[in-house]
Amino acid sequence: MSAVATKSPDLAPITDIASLREDFPALQQRVHGQPLTYLDSAASSQCPQAVLDAVVRQQSLDHANVHRGVHQLSERSTLAYESARERVRDYINAASEHEIVFTRGTTESINLVAESLGGSRLSAGDEVLITWMEHHSNIVPWQMICERTGARLVPAPITDAGEIDLEAFDRLLTDRTRIVAFVHISNALGTVNPARELIAKAHAAGAVVVVDGAQAMPHKRVDVRDLDCDFYAFSGHKMFAPTGIGVLYGKERLLEEMPPWQGGGEMILTVSFDGTTYNALPCKFEAGTPNITGAVGLGAAVDYLARIDFAALEAHETALLGHASERLTEIDGARIIGTAADKASVLSFVIDGIHAHDVGTIVDAAGVAVRTGHHCAMPVMDRFGVAATARASFALYNDDDDIDRLILGLRQAVELFR
Ligand code: 7TS
């Protein structure tokens with residue numbers, strides 16, 4: 001019999017970040033006969049054993065649909081699912097569990113806000129202000145809703161270092177701006193945006209603020225009430241949980257006002273052919289059977305993160321990024337894309353005369369996983385005049401040895417192609 005705890009365990013914070021690597025079974029394997037060096041956590045991070053155990057336990061013993069059965073398994077499953085919601089609420093310091101909507105991930109979270117909030121609030125003459133450094137998932141849903149409502153999408157430019165041009169942002173934020181949507185940490189550049197400052201500016205202009213927190217969650221201790229954002233979107237699979245689960249945090253007052261997005265089971269109170277009444281928050285936005293096991297995995301990932309001393313984690317990751325940036329200067333013709341003063345865990349670069357995909361393939365043969373391409377941020381590539389970059393991204397389980405092996409792989413690529 002499994003037992004679901006309803007609260008995250010209260011344990012002493014972990015300051016020895018290097019010790020965490022052992023918790024990740026995927027990192028103990030070899031690929032192409034070499035020890036795996038995983039430098040693609042910005043695309044998707046690995047799961048610690050505690051998350052894998054929670055997923056297996058849920059799926060083996062407690063699996064049943066939620067919110068609808070009186071039987072034991074359904075009750076246990078519902079408890080596990082709602083306990084995961086409470087852990088997430090507590091972790092990001094949301095005021096109420098009504099403010100935590102489980103989604104498929106960041107993309108679905110942003111589509112939900114764009115469709116529901118944008119669809120009901122925007123009209124011709126209104127503007128949605130974003131930035132040039134957004135992931136496509138924080139561009140396209142806004143483009144789609146602007147097209148439908150006649151509103152205008154306005155991108156704030158970025159500087160050569162890959163920071164938001166704050167003067168331009170101030171100029172573009174006007175009394176026509178209804179919604180401001182921006183990324184907390186850029187996946188293509190690593191830039192950490194001054195979220196509190198941008199949110200305060202947007203609120204002063206009367207706009208609602210949506211933050212894309214996909215890359216921030218595994219690196220920063222996010223407190224939504226301290227940020228005072230109206231919405232915060234993130235994905236489980238970038239913060240050590242499985243794929244297919246994510247969260248939309250929204251202030252209760254706004255979520256209450258917003259019309260439902262998808263219709264179906266779970267989101268209703270009564271249905272007749274004369275009309276339907278909708279369920280209370282957060283179920284109003286969770287149509288259909290949710291990803292119960294994913295939510296349980298996310299709850300376990302949040303428990304895992306809650307144990308970590310984030311000052312130690314940030315120091316560890318800053319040192320890694322500094323070391324990697326320094327060592328990259330040893331590679332002839334290498335150039336870093338994204339040199340913001342406040343930068344986290346992403347090293348995007350090009351090497352003269354070698355296509356990024358070739359760089360990725362050569363280092364893969366040496367057991368090093370990096371991502372190559374436009375990183376779903378084509379406007380960023382346009383801004384820097386490159387078609388693609390190679391990107392090494394770090395997480396809490398990486399160490400200096402991973403960087404040495406990356407540099408060795410890059411030397412091999414240069415030797416082969418020059
Ligand atoms: N926003 C940012 C900043 C992201 O980095 C990503 C995914 C998303 C939104 C979308 O998240 P999803 O979980 O809904 O897909 N970024 C990446 C990446 O950098 N490489 O692969 C996926």
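Give me the dipole magnitude in Debye, nearest 20, for the range 55-118 about the Cα centre, with unit charges on the beta carbon: positive for Lys and Arg, negative for Asp and Glu. Don't jump to the answer; show the numbers that get you there.
Numbers: 7 positive and 9 negative charges, 43 e Å.
My answer is approximately 200 debye.
Please list, by residue number, every one of the chymotrypsin sites (Phe, Trp or Tyr not before Pro) in the range 254-348 that is coil in DSSP and has at most 12 other beta-carbon atoms within 10 Å. Don't skip to the answer; put the middle values down first.
Details: sites: Trp261, Phe273, Tyr278, Phe285, Tyr304, Phe310; in loops: Trp261, Phe273.
For chymotrypsin sites (Phe, Trp or Tyr not before Pro) across the range 254-348 that sit outside H, G, I, E and B with at most 12 neighbouring Cβ atoms in 10 Å, the list reads Phe273.
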Here the FRET efficiency for Asp53 versus Ala311, based on Cβ atoms and R0 = 22 Å and rounded to 0.05, is 0.20
For the range 194-199, Karplus-derived ³J(HN,Hα) couplings (6.51, -1.76, 1.60; θ = phi - 60°; whole Hz; x for glycine and proline) come out as x, 4, 4, 5, 5, 5
Most fluctuating of Ala312, Ala114, Ala341 in the GNM of the chain (C-alpha, under 10 Å) is Ala341
Note on the range 58-306: contact order normalised by length, alpha-carbon pairs under 8 Å, 6 or more apart, percent, works out to 24 percent
When the charge dipole of the chain is computed with +1 on Lys and Arg Cβ and -1 on Asp and Glu Cβ about the Cα centre, the Cα farthest towards its positive end, among Val88, Leu281, Gly236, belongs to Leu281
Per the 1/(1 + (r/R0)^6) rule, R0 = 56 Å and r from the Cβ atoms of Arg148 and Asp16, FRET efficiency to 0.05 is 0.60
With a ≥ b ≥ c from the Cα gyration tensor eigenvalues, square-rooted, and the rule rounded for a/c under 1.5, otherwise prolate when a/b > b/c and oblate otherwise, the chain is oblate
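Could you give the dipole magnitude of the chain about its Cα centre, charging the beta-carbon of Lys and Arg +1 and that of Asp and Glu -1, in debye to the nearest 20?
On the way: 35 positive and 55 negative charges, 131 e Å.
Dipole about the Cα centre, nearest 20: 620 debye.
So for the chain: antiparallel DSSP bridges make up what percent, rounded to the nearest 5? Intermediate values should be presented prior to the final figure.
Details: 29 of 49 bridges.
Once the DSSP bridges in the chain are tallied, antiparallel ones form about 60 percent.
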Eigenvalues of the alpha-carbon gyration tensor of the range 108-257, times 5 and square-rooted, give semi-axes in Å, largest first, of 22, 19, 15
Counting only residues 5 or more apart in sequence or on a different chain, those whose built amide H sits under 5 Å from that of Ile308 are Ile14
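Determine the percent antiparallel among the DSSP beta bridges restricted to the range 58-306, to the nearest 5. Walk me through the numbers before you get to the answer.
Working: 15 of 31 bridges.
Percent antiparallel among DSSP bridges in the range 58-306 is about 50.
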Taking the dipole of the chain about the Cα centre (Lys, Arg +1; Asp, Glu -1; charges at Cβ), the one of Asn111, Pro35, Tyr249 that reaches farthest to the positive side is Asn111
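Divide by every residue of the chain the summed helix terms, -39500 (n - 2.57) for each DSSP H run of at least 4, and state the resulting mean residue ellipticity at 222 nm, rounded to the nearest 500 deg cm²/dmol.
Details: 13 runs with 144 residues, N = 418.
Computed ellipticity for the chain at 222 nm equals -10500 deg cm²/dmol.
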For the range 310-418, the Cα gyration tensor yields equivalent-ellipsoid semi-axes (√(5λ), largest first, whole Å) of 21, 18, 12
For the range 20-26, Karplus-derived ³J(HN,Hα) couplings (6.51, -1.76, 1.60; θ = phi - 60°; whole Hz; x for glycine and proline) come out as 6, 3, 4, 6, 10, x, 4
Neighbour-count ranking for Val55, Val70 (other C-beta within 10 angstrom, fewest to most) reads Val70, Val55
Which of Pro157, Pro25, Pro48 fluctuates most in a GNM of the chain (C-alpha springs under 10 Å)? That residue is Pro25
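Please give the net charge around Ile145, taking every other residue with its beta carbon less than 15 angstrom from that of Ile145, where Lys and Arg add +1 and Asp and Glu add -1. Before the final figure, lay out each step's value.
Working: positive: Arg121, Arg148, Arg152, Arg178; negative: Glu108, Glu115, Asp126, Glu127, Glu134, Glu147.
Charge balance in the 15 Å sphere: -2.
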Residues other than His203 with Cβ under 9 Å of its Cβ, Lys/Arg counted +1 and Asp/Glu -1, net out at -1
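What trypsin sites (Lys or Arg not before Pro) does the range 46-85 have in DSSP loop regions with at most 15 other beta carbons within 10 Å? It would help to have the intermediate numbers written out before the result.
Working: sites: Arg57, Arg68, Arg76, Arg85; in loops: Arg68.
Sparse-neighbourhood loop trypsin sites (Lys or Arg not before Pro): Arg68.
Every read-out reported here was derived from the displayed coordinates using simple, explicitly stated rules and does not represent laboratory data. Note that this is a predicted model, so its numbers are computed, not measured. Please note: Cβ atoms are built from the backbone with ideal geometry, for glycine as well, and neighbour counts cover all protein chains shown.
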